[in-house]
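Scroll down for the structure; my scribbles are underneath it.
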Amino acid sequence: MERSVKELIEALSGNDGMARKRARETLVLIGEPVAEHVRSLLGSPEKRVRWEAAKTLAAMVYPPSVEALAQLLGDPLSEIRWLAGDGLINLGPRSVGPVLRSLLGGAPSSGHLEAAHRVLGRLSADNEVLAEMVGPVVEVLATDSPDFGVVATKAGRALSDLDRITGRLPAL
């Protein structure tokens, strides 16, 4: 059952649902060597292709995909946002910085805010240090209509705290 990466990527983009599933499962098994090929599908205008790529990356648990998954939190399709969130949760605390940065790049959609809330809430639930840092962000994201200015301020502060703790910024 040897198939080339090109054939697997084509199958992932094809119309045959079973072939897509087999290609996705094979790509997940291959992992790191094909992650860049899968990430290249995230920009597809076809919803199904983005969904397949997001599902594949989420299952790979490959750290270099964290930024791409964080960007998918802003995808118009809730299913893709959910898959991206699963991948970010699976990647653990290293996802917090990219998720916080995703909240700073302009006024996020309500779907993006909901996805970020889910990811940050799950990641901080079992980690007291993260809970302390991102708790204010999670709290504001839980409101009915979070104000972007408040979200950006709290996300910026949490990101600054995270950078300080991880040694990326000097202590104040």
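Each residue in segment 27-54 was checked for being without any contact (Cβ under 8 Å) to a residue 24 or more places away in the chain and in contact with a helix residue (DSSP H, G or I) (Cβ under 7 Å, 6 or more places away or on another chain), and 0 of them qualify.
For G74, state whether it is in contact with a helix residue (DSSP H, G or I) (Cβ under 8 Å, 6 or more places away or on another chain), of a type in the set (G, A, S), crowded, with 18+ Cβ neighbours inside 10 Å and not in a helix (DSSP H, G or I). Full working, then the answer.
On the way: in contact with a helix residue (DSSP H, G or I) (Cβ under 8 Å, 6 or more places away or on another chain): yes; of a type in the set (G, A, S): yes; crowded, with 18+ Cβ neighbours inside 10 Å: yes; not in a helix (DSSP H, G or I): yes.
So G74 passes the test.
Read-outs throughout are calculated quantities, based only on the coordinates presented, and are distinct from any laboratory measurement. Here the structure is a predicted model, which is why all the values come from computation and not from measurement. So basically every Cβ, Gly included, is an ideal-geometry build from the backbone, and we count neighbours across all protein chains shown.
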